[in-house]
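Q: This is the structure I want to talk about, given as structure tokens.
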Amino acid sequence: MLNSENLPKVLVEEKEKIKEMIEAKKSFCVVGANNTSTVAGIIEGMVETAGFRCRVYTSNRSLGMAAALIPTGITQMTGLFTALGIAAHNLVTAFPDYKIVKCLIDNQVLVLYDKKD
């Protein structure tokens, strides 16, 4: 799991502050996101409006690939398709400025600036 302890915290309602953090190329953690997919979608729009590229994904998504280790046809196919989906998604969203990570367990969304200036 990703560590959000050292990131500045922003409440989901503080849309203006989120916009300012994006424009300043800062990494931060949006807390209180009851629906992480909706919040990630809103942040994705803000990132793209600010002229940056982004990749949105769910924390611990690679756990689906672990299913391939369980020797049944269904779990092996699940693991294979998960791996193929992750690879395709990474190609389509190559070299993002921001990574937006949905943390379902913590009800938070990490917004990570990832470009080297």
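Q: How many nm is it between the label spots at LEU11 and ASN35, if each spot is 7 Å from the Cα in line with the beta carbon?
A: 2.0 nm
Q: Please list, by residue number, every one of the chymotrypsin sites (Phe, Trp or Tyr not before Pro) in region 1-62 that is coil in DSSP and has at most 13 other beta-carbon atoms within 10 Å.
A: Hits after loop and neighbour filter: nothing returned.
Q: With every protein chain present, what is the per residue accessible area of region 1-47 (1.4 Å probe, Å²)? Don't jump to the answer; show the numbers that get you there.
A: On the way: 2760 Å² over 47 residues.
It amounts to 59 Å² per residue over region 1-47.
The values are calculated or read from the model by the stated rules, or taken from the named source; none is laboratory data. No experiment lies behind these values; they were computed from the predicted model shown. Methodologically, a virtual Cβ is constructed for each residue, glycine included, from the backbone with ideal geometry; neighbour enumeration extends over all protein chains shown. Quick note on the areas: whole protein, heavy atoms, side chains included, nothing else; ligands and nucleic acids left out. Shrake-Rupley method; radii C 1.70, N 1.55, O 1.52, S 1.80 Å.
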